[in-house]
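Trainee: Just dropping this structure here.
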Amino acid sequence: MIDKLSWVAIYPEIVLLVMACIIALVDLSSTSAQRTRTYVLTLLTLAVVAVLTGIAANDGKTIYGFGGMVVSDPMGNWLKCFATVALMVTLVYGRPYAADRGMLRGGEMFTISMFALLGMFVMISGSNFLLIYLGLELLTLSSYALVALRRDNAVASEAAMKYFVLGAMASGFLLYGLSMLYGATGSLDVNEVFKIIASGKVNHQVLVFGLVFIVAGLAFKVGAAPFHMWVPDVYQGAPTAVTLLIGAAPELAAFAIIIRLLVEGLLPLAIDWQQMLTLLAIASLLVGNLAAIAQTNLKRMLAYSTIAQMGFMLLGLVAGVVNGNTYNAQFAYSASMFYIVTYVLTTLASFGIILLLAREGFESEEITDLAGLNQRSPLYAGVMAIAMFSLAGLPPLVGFYAKLAVLQALIASGQAFYIGLAVFAVIMSLIGAFYYLRVVKVMYFDAPVTASTVSAPRDVRTVLSINGLLILVLGIVPGGLMTLCANAIVATLAN
Amino acid sequence: MGLLSLAIWVPIAFGVALLAFGRDEHARGVRWVALVGAIVSFLVTVPLYTGFQNGTAAMQFVEKASWIARFNVNYHVGIDGLSLWLVLLTSFTTVVVVISAWEVITERVNQYMAAFLILSGFMIGVFAALDGILFYVFFEATLIPMYLIIGIWGGPNKIYAAFKFFIYTLLGSLLTLVALIYLYNKSGGSFDILSWHKLPLGSTAQTFLFFAFFAAFAVKVPMWPVHTWLPDVHVEAPTGGSAVLAAIMLKLGAYGFLRFSMPIAPDAAHEWAWLMIALSLIAVIYVGLVALVQEDMKKLVAYSSVAHMGFVTLGFFIFNELGVSGGIVQMIAHGFVSGAMFLGIGVLYDRVHSRQIADYGGVVNTMPKFAAFALLFAMANCGLPGTAGFVGEWMVILGAVKANFWIGLGAATALIFGAAYTLWMYKRVYLGPVGNDHVKELTDINAREFLMLSLLAVAVLWMGIYPKPFTAAMDASVTELLRHVAISKLPR
């Protein structure tokens, strides 16, 4: 007998699933190249879902449903809410681009995106290894299809293939690690596993062996070095609208399963996974920042920048448990959550600009394609500059507070090693500043190649302006979002 | 909203408005709005001086509100005798710079003016901030408008200069960020600068903090040997950018020493004073000699800035009242004088489009009014009594002699080198027969340039003849600072 509370825990997912199916049917009768009806319906659905998750998040209640299979807690609900909004923004930015390239000849892009979002929701709310894995597969299978949406385009097909092969391997890793844990603990339930491990009756060696595979699988998903190989190729090869689809919202879901698996499930093994994450973070910061300098392709540069940013985000996760003491945990994990949320916000803006500048038959992928953007459109150049300065971590933009929070978490640990890590991280962000500045330089200092002004549909223009403004406003008053992340993490840790 | 908040946010508001509504089609209107903005911004800082209580070291015009509750960060501003004149200098310089750009900048006027107005607000924010994060946010934020100013309106090698400026100064300040967070944790969760002053710290921690601050502030001042960015940047920056950079941005670093390094890590400051004095003396003497051989006017003034800022840091680290007050007076004086020197070079550059000394000669014949102004500023630059340049240098030398005769002697040689490079440049550019056809065709300064230079001339003379308002405001704060620094913070 399934109790009423279980349904409460998953009703946003139900709305999403039902509407995705309805929209798929409605789309059959649509013939327009722009798919306006499908688009509007999708956005409306997503808006409703965002509001539902927002209300649930604001409630602050933690509900377990279906015998502990799913959990609806503030962290999960906020991440769902942000992921939904991110997807809405992505679709707004991506629609003109996709329409120009014949990607809207069928309405799949909208429905598959909704299924991808459903996958993220399941990942975020899963409190059971199998369920988390199912959500992950739903997301990644949808993503493979989206990358391959331009099936007549060789580059995109190649990217889809790479993504599929490497992604399948990563899923295999994760699944193998989870099965080791199941073998050792005899349970698939995250909280149950936590209790069994904390009791100390389980063979440590087997657990760590499984943990290695889990961390490797997660690193694949967030694109941390040395498991980053797919990121540049897929970012560059996929149609830009899809790059944004797989580069923005899913990062939030990936963060959620890191918290679910490593913190909620395996916190007693923190000393082991913290070491692994430290190495991943150092490698990501090095590889991402150094390789990004050499790039001439903007999408590829942003891919390496993503790797570096993920490295910084992981740094927040390594300082949670110090000498077996978890007093720093809420600061550390909420810093990472703030980091990932603001990162997604900034990524939306930067890819939004790339999508905007792309026209029919012209991709606008090279950094030099931005030349003189300030003369062509001060507004869009301003938005891009704000995004770049924010990624570089300069105040008064939101990216600065993200870095500040992570550095604070590291230094608050009081360990010399972590303080050294903080110094390393700031030196790496100095190197990072160079390539972000180069984008600003091209936009502001170089002469434009074409004099044509940049035009955009009204919805894109409005959303993009708000997006840019939000990066600035959150940089001036970051307190609210910080407190939100902190409360969400505190509630999660309390369970 | 308090007066200090107005001083910070009024120029920023005008700048944002210009960015949002200004277009090159109505550049004339943009210039007037910018000028009004700059003047209003200056006027709101005047009550800070008239309402300032001399004789107390306490913070005045304090405003405090919670900003980021999670990290106990407050919007906490206030000024004392150390920062009062720097705030006024900033708003005053902005007015002059806006006037200086009037017909010179014809492209993207709104962005140019907005950059300077916003920059002005940020810099006042640095001088007024009493919260570590607030300070850091303003300190770093100044990089963005300056980067754009150099990169968009700069000379042929502007890109190199813009990047050098940005990366160089960012490296230093990022280490400072680590230091600020360290202090936050050490003080039990507070970013309040004044409470950091009272925080006991061990000697290792103090040394670490001292050098972390040193990384940011020494680069900004700039002290030898991390001064190499300054000449490159000055040469490429547009006139207004050079003027603001020399007049105010360098002071952000020197001010940092007063507000952070010395009071927070007093024992380390004493311990490493020899190093600071040595670096300052090298800046004064060696960089002074380097200035002597420059062939580019802007480079010459840039090196002279490094030498003059050497006086400032020298004054701070001899730890007596004359030295510290002298250093602060020198900061203000250098703000007026170096700003004037760069704007003067700008006047010539607008007409001839060359900064090479060799391309001039006998300018006095065609531009007598301008040459008179230039003479005044040149004299101020070499520290002639009766001009602003004299007061600070004299105080620092006196203070140095008190501390140690040889340090004083070393510092005093700067007066000789200063006179040498400045007057020699003056002779080669302005005196003698008309050098070439370009000089022959020069027209003397117009009313706008006359206004701009006279504003600075008045300031330079006023400060030289009657420095009392400047020193009187800072006396109590300097005494308090020295008293504080003399007490060891090592845990017993």
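Trainee: Given the residues A:87, A:5, A:16, which is the only one that is part of a helix (DSSP H, G or I), surrounded by fewer than 21 Cβ atoms within 10 Å (Cβ to Cβ) and not small (Gly, Ala, Ser)?
Mentor: The conditions single out A:5.
Trainee: Tally time: how many residues in the stretch B:72-90 are within 14 Å of chain A (Cβ to nearest Cβ) and in contact with a helix residue (DSSP H, G or I) (Cβ under 7 Å, 6 or more places away or on another chain)?
Mentor: The qualifying residues number 2.
Trainee: Follow-up question, since we're still on this one. Among A:386, A:367, which is β-branched (Val, Ile, Thr), buried (at least 24 other Cβ atoms within 10 Å of the Cβ) and more than 9 Å from chain B (Cβ to nearest Cβ)?
Mentor: A:386
Trainee: Is the stretch A:327-335 home to any residue that is away from chain B (no Cβ under 14 Å) and in contact (Cβ under 8 Å) with a residue 40 or more places away in the chain?
Mentor: Yes, because at least one residue in the stretch A:327-335 is away from chain B (no Cβ under 14 Å) and in contact (Cβ under 8 Å) with a residue 40 or more places away in the chain.
Trainee: Okay, moving on. Among the numbered criteria (1) under 22 Å from the mean Cα position of the chain (by Cα); (2) in a helix (DSSP H, G or I), which single criterion is violated by residue A:394?
Mentor: Looking at each condition in turn, residue A:394 falls short on (2).
Trainee: Do we find that residue A:492 is more than 23 Å from residue A:347 (Cβ to Cβ), buried (at least 22 other Cβ atoms within 10 Å of the Cβ) and not hydrophobic (A, V, I, L, M, F, W, C) in this structure?
Mentor: Yes, satisfied.
Trainee: Here is a further query. Facing another protein chain (nearest Cβ under 10 Å) and either buried (at least 24 other Cβ atoms within 10 Å of the Cβ) or at pLDDT 90 or above (or both), is that true of residue A:421?
Mentor: no
Trainee: Of these, A:169, A:276, which one is in a helix (DSSP H, G or I), in contact (Cβ under 8 Å) with a residue 60 or more places away in the chain and surrounded by fewer than 23 Cβ atoms within 10 Å (Cβ to Cβ)?
Mentor: From the options A:169, A:276, the qualifying one is A:276.
Trainee: Right, something else. Considering only the stretch A:389-415, how many residues are of a type in the set (A, V, I, L, M), more than 8 Å from chain B (Cβ to nearest Cβ) and surrounded by fewer than 24 Cβ atoms within 10 Å (Cβ to Cβ)?
Mentor: Residues in the stretch A:389-415 being of a type in the set (A, V, I, L, M), more than 8 Å from chain B (Cβ to nearest Cβ) and surrounded by fewer than 24 Cβ atoms within 10 Å (Cβ to Cβ): 0 in total.
Trainee: Go through the stretch A:156-166 residue by residue and tally those that are free of Cβ contacts under 8 Å to residues at least 60 places away in the same chain and under 16 Å from residue A:142 (Cβ atoms).
Mentor: Total satisfying the criteria: 1.
Trainee: Search the stretch B:371-395 for residues that are among the charged types (D, E, K, R) and pair each with any residue that is assigned to a loop (DSSP other than H, G, I, E, B) and surrounded by 24 or more Cβ atoms within 10 Å (Cβ to Cβ) when their beta-carbon atoms are under 7 Å apart and the residues are at least 6 apart or on different chains.
Mentor: Pairs that qualify, where the first residue is among the charged types (D, E, K, R) and the partner is assigned to a loop (DSSP other than H, G, I, E, B) and surrounded by 24 or more Cβ atoms within 10 Å (Cβ to Cβ), are B:393/B:383.
Trainee: Would you tally the residues in the stretch B:57-71 being surrounded by fewer than 17 Cβ atoms within 10 Å (Cβ to Cβ), within 14 Å of chain A (Cβ to nearest Cβ) and in contact with an Asp or Glu (Cβ under 8 Å, 6 or more places away or on another chain)?
Mentor: Result for the stretch B:57-71: 0.
Residue by residue, here is whether (1) of a type in the set (Val, Ile, Thr); (2) modelled with pLDDT of 90 or more; (3) more than 20 Å from residue A:349 (Cα to Cα); (4) within 16 Å of the chain's Cα centre (by Cα) holds:
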{"residue": "A:275", "(1), (2), (3), (4)": "no, yes, yes, no"}
{"residue": "A:301", "(1), (2), (3), (4)": "no, yes, no, no"}
{"residue": "A:317", "(1), (2), (3), (4)": "no, yes, yes, yes"}
{"residue": "A:322", "(1), (2), (3), (4)": "yes, no, yes, no"}
{"residue": "A:325", "(1), (2), (3), (4)": "no, no, yes, no"}
{"residue": "A:330", "(1), (2), (3), (4)": "no, no, yes, no"}
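Trainee: Looking at the stretch A:31-47, is at least one residue under 25 Å from residue A:256 (Cβ atoms), surrounded by 20 or more Cβ atoms within 10 Å (Cβ to Cβ), of a type in the set (A, V, I, L, M, F, W, C) and over 21 Å from the mean Cα position of the chain (by Cα)?
Mentor: Checked against the condition, which is being under 25 Å from residue A:256 (Cβ atoms), surrounded by 20 or more Cβ atoms within 10 Å (Cβ to Cβ), of a type in the set (A, V, I, L, M, F, W, C) and over 21 Å from the mean Cα position of the chain (by Cα), the stretch A:31-47 yields no hits at all.
Trainee: Then there's this: Could you list, in sequence order, all residues of the stretch B:104-143 that are of a type in the set (Asp, Glu) and farther than 24 Å from residue A:379 by Cα?
Mentor: The one that is of a type in the set (Asp, Glu) and farther than 24 Å from residue A:379 by Cα: B:131.
Trainee: Follow-up. Among the residues of the stretch A:440-452, is any basic (Lys, Arg), closer than 24 Å to residue A:354 by Cβ and buried (at least 19 other Cβ atoms within 10 Å of the Cβ)?
Mentor: The answer is yes; a qualifying residue exists.
Trainee: Ok, one more. For the stretch B:399-433, how many residues are surrounded by fewer than 17 Cβ atoms within 10 Å (Cβ to Cβ), aliphatic (A, V, I, L, M) and in contact (Cβ under 8 Å) with a residue 60 or more places away in the chain?
Mentor: Looking only at that region, the number is 2.
Trainee: What is the residue count in the stretch A:453-489 for residues that are outside any helix (DSSP H, G or I), in contact with a Leu (Cβ under 7 Å, 6 or more places away or on another chain) and crowded, with 18+ Cβ neighbours inside 10 Å?
Mentor: Total satisfying the criteria: 1.
Trainee: Here is a list: A:175, A:130, A:139. Which entry is under 20 Å from residue A:249 (Cα atoms), in contact (Cβ under 8 Å) with a residue 40 or more places away in the chain and in a helix (DSSP H, G or I)?
Mentor: A:139
Trainee: Can you tell me which condition residue B:452 does not meet? The list is (1) touching a Ser or Thr at 6+ places or on another chain (Cβ under 7 Å); (2) free of Cβ contacts under 8 Å to residues at least 12 places away in the same chain, and all the others hold.
Mentor: Condition (2) is where residue B:452 drops out.
Trainee: Across the stretch A:423-450, what is the number of residues that are in contact (Cβ under 8 Å) with a residue 24 or more places away in the chain and assigned to a helix (DSSP H, G or I)?
Mentor: 17
Trainee: A follow-up question, please. With respect to residue A:219, is the statement that it is in contact with a Leu (Cβ under 6 Å, 6 or more places away or on another chain), closer than 17 Å to residue A:258 by Cβ and part of a loop (DSSP other than H, G, I, E, B) true?
Mentor: Here the answer is no, as residue A:219 does not meet what is asked.
Trainee: Report the residue count in the stretch B:1-26 for those that are crowded, with 18+ Cβ neighbours inside 10 Å, under 25 Å from residue B:108 (Cβ atoms) and among the small types (Gly, Ala, Ser).
Mentor: Total meeting the criteria: 2.
The values are calculated or read from the model by the stated rules, or taken from the named source; none is laboratory data. Just so we're clear, the structure is a prediction, and the values are computed from it rather than from any experiment. Neighbour counts are summed over all protein chains in view; Cβ atoms, including those assigned to glycine, are modelled from backbone coordinates with ideal geometry.
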